[in-house]
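Please read the structure below before turning to the comments.
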Amino acid sequence: MDEGEFMCDDCGKELKEADFKYANYKIGIVKSVEDKGKLKVCKVDVGGGEGKELQVVTNAKHVAVDEKVVVATEGAIVPAGGDPDSATVVAKTNVGGTPSFGMLCDCPMLGWTGGAAGITVKLEEGEVGGAPPSERPRK
């Protein structure tokens, strides 16, 4: 095994550190954005297919339809790779009275260097439903 790889005791598969760090993080495509005061209610396709988009409520100002974003879904540990005992575990919650099933991620939430806090990560590459890259993509 290469450095940063582990053998899963349960399934016997070789796993990479990123498989753990980005568990429950998914690349998604924003399908709709509804303004709700200072909040936006987004429907994001994270690989579930048509009609199974994840609803995410955010205060991110610059989110638009057809953008590729990173979503921390239920069960994700924020920040990525953080200690589960002291980090936030994403769960379904109500934001502004609207159910939200995840969080749109910024660079610090993903453990990436560079990029501003509070600015939603927008990707150009990556498979919908797949894990985000392990570092911030450079243009």
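The values are calculated or read from the model by the stated rules, or taken from the named source; none is laboratory data. None of the values given here were measured: they were computed from a predicted structure. Note: ideal-geometry Cβ built from the backbone for every residue, glycine included; neighbour counts use all protein chains shown. Surface accessibility is based on the protein's heavy atoms, side chains included, excluding ligands, DNA and RNA. Shrake-Rupley method; radii C 1.70, N 1.55, O 1.52, S 1.80 Å.
A few remarks follow.
- Against the criterion of being over 19 Å from Ala117 (Cα atoms), modelled with pLDDT under 95 and assigned to a loop (DSSP other than H, G, I, E, B), Ala23 qualifies.
- Here Asp66, Asp45, Asp106 are screened, and the one residue that is open to solvent by 60 Å² or more (accessible area, probe 1.4 Å), acidic (Asp, Glu) and either modelled with pLDDT under 80 or under 21 Å from Pro133 (Cα atoms) (or both) is Asp66.
- Of the residues making up the range 124-133, those that are surrounded by fewer than 16 Cβ atoms within 10 Å (Cβ to Cβ) and farther than 15 Å from Ala76 by Cα are Glu124, Glu125, Glu127, Val128.
- Odd one out for Ala91, checked against (1) open to solvent by less than 30 Å² (accessible area, probe 1.4 Å); (2) more than 18 Å from Val30 (Cβ to Cβ): (1)
- Test: residue in the range 111-123 that is of a type in the set (D, E, K, R), without any contact (Cβ under 8 Å) to a residue 24 or more places away in the chain and open to solvent by 40 Å² or more (accessible area, probe 1.4 Å): no
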